[in-house]
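The structure appears below as structure tokens.
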Amino acid sequence: MITLTERAAEKVRHNLTKRGRGIGIRLGVKTTGCSGLAYVLEYVDAVDTLQPMTFDNNGVTVYVDTKDMVYLDGMTLDWKREGLQEGFDFINPNESARCGCGESFKI
């Protein structure tokens, strides 16, 4: 299960409206960085049969590739603003460490 906070869902809905298209977001991971994995967040414009898992949270549909669920199961996506910095915050209980710059993580 993947959860979006109301703040994150509000930001996704705003961005989809601003884009003028889209049916949700896709969350995944890719191999990169000094810790090995990085999160991927992309807007989805059409249903893809390679993204069979869906979660509906606060009015947003989240698509996840089955192969990525081992890394993302139990994760919460939040939207945070701290000073001049703002962005999505991936709160993942499966993480064992993050790199110093915060761009990658490991399980």
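The values are calculated or read from the model by the stated rules, or taken from the named source; none is laboratory data. Remember, it's a predicted structure, so these values are computed and weren't measured experimentally. Because the Cβ atoms are built from the backbone with ideal geometry, glycine has one as well, and the counts that use them run over all protein chains shown. Side chains are part of the model used for accessible areas, which takes the heavy atoms of the whole protein and leaves out ligands, DNA and RNA. Shrake-Rupley method; radii C 1.70, N 1.55, O 1.52, S 1.80 Å.
For Gly59, the requirement of being more than 26 Å from Ile107 (Cα to Cα), open to solvent by 30 Å² or more (accessible area, probe 1.4 Å) and not polar (S, T, N, Q) is met. Scoring Val12 on the criteria (1) open to solvent by 30 Å² or more (accessible area, probe 1.4 Å); (2) of a type in the set (Val, Ile, Thr); (3) under 19 Å from Asn58 (Cα atoms) leaves a single failure, condition (1). The single condition among (1) open to solvent by 40 Å² or more (accessible area, probe 1.4 Å); (2) under 12 Å from the mean Cα position of the chain (by Cα); (3) at positive phi that Glu42 does not meet is (3). Checked against the criterion of being assigned to a loop (DSSP other than H, G, I, E, B), of a type in the set (A, V, I, L, M, F, W, C), at pLDDT 90 or above and surrounded by 16 or more Cβ atoms within 10 Å (Cβ to Cβ), the stretch 24-36 contains not a single residue that satisfies it. Step by step: first the residues of the stretch 64-85, then only those that are in a strand (DSSP E or B) and open to solvent by 20 Å² or more (accessible area, probe 1.4 Å), then the one that is farthest from Gly22 (Cα to Cα). Which residue is that? The selected residue is Glu82.
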